[in-house]
Amino acid sequence: MAEKVLMKGNEAMAESALRAGCRFFFGYPITPQTELAAYMSKCMPKIGGTFLQAESEIAAINMVYGAAATGARVMTSSSSPGISLKGEGISYMAGCDLPGVIVNVQRGGPGLGGIQPSQSDYWQATRATGHGDFQIMVYAPSTVQEMADCAYLAFDKADEYRIPVMLLADGMLGQMMEPVVLPEPKGELADKPWAARGHKNERAHNIVDSLYLQAEDLERLNRERFERYDVIKKNEQRAELFMVEDADIVLVAFGASSRIARSAVVSAREKGIKAGLIRPITLWPFPADALESVMGTAKAFLSVEMNMGQMVDDIRLVSEGRVPVEFFGRTGGIIPTPVEVLAQIEALQGKVGA
């Protein structure tokens with residue numbers, strides 16, 4: 001059995017990325033993700049990798065763009081305001097079909113906000129990471145173990161679909177310490193025939209670019225890209241279902257808030273209330289299939305989030321009015337408590353007669 005080690009969430013993501021074959025990291029300090037960059041700065045030189053603290057977040061994401069264009073496995077990390085600055089570069093990566101991993105350890109906002117944990121970047125991650133018609137894959141881990149697992153998986157999925165992948169964590173998960181079993185280091189990685197890294201007169205030039213002056217060419221490429229997105233939506237939805245088989249009230253929560261929601265579900269069951277939990281692990285593609293699986297039995301959904309209500313929109317889109325959808329959230333860096341969530345479950349029980 002693999003050995004368990006006690007690690008902080010930020011450091012677990014970094015170590016797992018190294019084991020996944022990441023050999024380039026470009027970033028810029030910002031709370032509460034700085035430990036990830038510090039870990040990379042310590043470890044990269046030991047394995048022949050490159051760590052560089054860029055002069056800005058904008059510079060960092062463009063360095064990621066350059067390294068990804070050569071076929072390297074590359075990562076950057078930041079917290080909420082820094083991700084906003086990276087938005088243009090992420091769009092350029094998507095426009096060039098470049099794989100890469102972006103970590104967002106969220107903090108309260110908008111603006112400078114605060115350094116406490118938040119989930120208010122859901123819309124940004126799933127709807128508007130940058131300009132133009134594109135999507136990125138988004139994983140939302142809820143434990144330190146899952147932060148390591150998702151970081152490892154993200155590099156494979158980024159390469160498989162030639163798409164940027166984001167790990168959407170938060171300050172609570174990034175700073176907490178839990179036991180974790182780390183993945184085995186990757187062996188030799190598959191070749192990337194599209195990469196721009198010298199042709200040695202053995203093939204035609206590879207060009208990595210997102211500029212298309214002919215509108216017809218850009219439309220064709222965007223349509224091809226969205227066909228690939230449809231494949232991702234079909235094959236890559238991930239969610240955990242907890243006590244939903246007979247649940248009247250189904251909570252939907254991701255990341256840190258799902259830990260609180262799970263405790264509230266257990267407390268509700270002890271009071272005789274049939275509650276359950278769907279925990280999205282992928283935020284894009286949103287796990288619509290998991291929600292559909294309980295649509296015939298659930299009497300209500302309750303979205304629990306650390307924001308003013310963002311994922312709740314996706315739940316309502318899946319429900320299409322078939323099942324009522326309620327929302328409960330705390331914002332500004334305040335983490336909801338199991339007692340607060342249980343009170344919402346009890347109030348909802350009274351509404352729907354569960």
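The values are calculated or read from the model by the stated rules, or taken from the named source; none is laboratory data. Just so you know, these numbers come straight off a predicted model, no measurement behind them. Backbone-built Cβ (ideal geometry, glycine too); neighbour counts: all protein chains shown. All accessible areas refer to the heavy atoms of the entire protein, side chains included, with ligands and DNA or RNA removed. Shrake-Rupley method; radii C 1.70, N 1.55, O 1.52, S 1.80 Å.
I need the per residue convex hull volume for the stretch 111-268, using only the alpha carbons, in cubic angstrom as a whole number.
Per residue, the Cα convex hull of the stretch 111-268 comes to 202 Å³.
Carbon and sulfur together cover what percent of the accessible area of the chain at a 1.4 Å probe radius?
Carbon and sulfur: 53 percent of the exposed surface of the chain.
Hey, can you grab everything whose amide H is under 5 Å from the amide H of Leu182? Only 5+ residues off in sequence or another chain; H modelled, so Pro and N-termini drop out.
Val5
Based only on the alpha carbon positions, what is the Kirkwood hydrodynamic radius of the stretch 5-116, in angstrom?
14.0 Å
Which length gain, in nm to one decimal place, applies between Glu216 and Val231 when the Cα-Cα distance is subtracted from 0.36 nm times their residue separation?
Result: 3.1 nm gained on full extension.
Take peptides 132-140, 227-235 and line them up by average Cβ neighbours within 10 Å, highest first, as a rough protection proxy.
Top of the packing list down: 132-140, 227-235.
Calculate the spin-label point distance for Val181 paired with Gln53, positioning each point 7 Å from the Cα along the beta-carbon direction, and give it in nanometres.
Between Gln53 and Val181, the simple spin-label model gives 3.7 nm.
Would you pull out the residues with amide H under 5 Å of Arg238's amide H, same chain only if 5 or more places away, H placed 1.01 Å from N?
Sorted by chain and number, the residues that satisfy this are Ile281, Thr282.
Taking only protein heavy atoms into account and a 1.4 Å probe, give the accessible area per residue of the chain in Å². Numbers along the way, then the final one.
Numbers: 15130 Å² over 354 residues.
Heavy-atom SASA per residue in the chain reads 43 Å².
So what are the ³J(HN,Hα) numbers for the stretch 297-313, from phi and the Karplus equation (6.51, -1.76, 1.60; θ = phi - 60°), rounded to whole Hz, Gly and Pro as x?
10, 5, 9, 6, 10, 10, 8, 10, 9, 9, 6, 8, x, 10, 4, 3, 4
Quick check on packing: order 77-83, 264-270, 61-67 by the mean number of other C-beta atoms within 10 Å, highest mean leading. Display every interim value, and only then the final one.
On the way: 77-83: 25.0, 264-270: 19.6, 61-67: 22.4.
Output ranking for 77-83, 264-270, 61-67: 77-83, 61-67, 264-270.
Per residue of the stretch 82-91, what does 6.51 cos²θ - 1.76 cosθ + 1.60 with θ = phi - 60° give for ³J(HN,Hα)? Whole Hz please, x for Gly and Pro, Karplus curve as stated.
x, 5, 4, 5, 7, x, 4, x, 5, 4
Would you kindly calculate the translational diffusion coefficient of the chain, applying Stokes-Einstein with the Kirkwood radius from alpha carbon pairs, for 10 °C and a viscosity of 1.306 mPa s, and quote it in µm² s⁻¹ without decimals?
Rounded to a whole number, D works out at 76 µm²/s.
State which entries of Lys8/Lys274; Lys233/Lys299; Lys4/Lys186 exceed 29 angstrom in Cα-Cα distance in the structure shown.
Lys8/Lys274, as the Cα separations exceed 29 Å there.
Any chance you could give the angle, 0 to 90 degrees and rounded to 10, that helix 34-43 forms with the longest Cα principal axis of the chain?
The angle comes out at about 40 degrees.
Report, by chain and number, residues whose modeled amide H sits under 5 Å from the one on Met137, excluding near sequence neighbours (fewer than 5 apart, same chain).
Long-range HN contacts for Met137: Met166.
State, to one decimal in nm², a quarter of the convex hull surface area for the C-alpha atoms of the stretch 126-217, i.e. the direction-averaged projected area.
Working: hull surface 36.7 nm².
Taking the Cα atoms of the stretch 126-217, their convex hull projects to 9.2 nm² on average.
Could you give me the ³J(HN,Hα) list for the stretch 2-13, computed from phi with Karplus coefficients 6.51, -1.76, 1.60 and θ = phi - 60°, whole Hz, x at Gly and Pro?
Each residue of the stretch 2-13 in turn: 5, 6, 8, 10, 8, 9, 6, x, 4, 6, 5, 5 Hz.
Would you be so kind as to identify which of Pro183, His199, Tyr152 lies farthest towards the positive end of the dipole of the stretch 141-219, taking Lys and Arg as +1 and Asp and Glu as -1 on Cβ and the Cα centre as origin?
In the stretch 141-219, that residue is His199.
Hey, what does the equivalent ellipsoid look like for the stretch 281-341, semi-axes from the Cα gyration tensor as sqrt of 5 times each eigenvalue, largest first, whole Å? Intermediate results must be reported in sequence, preceding the final value.
On the way: eigenvalues 93, 37, 20 Å².
In descending order, the three semi-axes are 22, 14, 10 Å.
Straight-line reach only, C-alpha to C-alpha below 12 angstrom: list the aspartates and glutamates that Lys86 could link to, leaving out same-chain residues fewer than 8 apart.
Hits, sequence-local ones excluded: Glu57.
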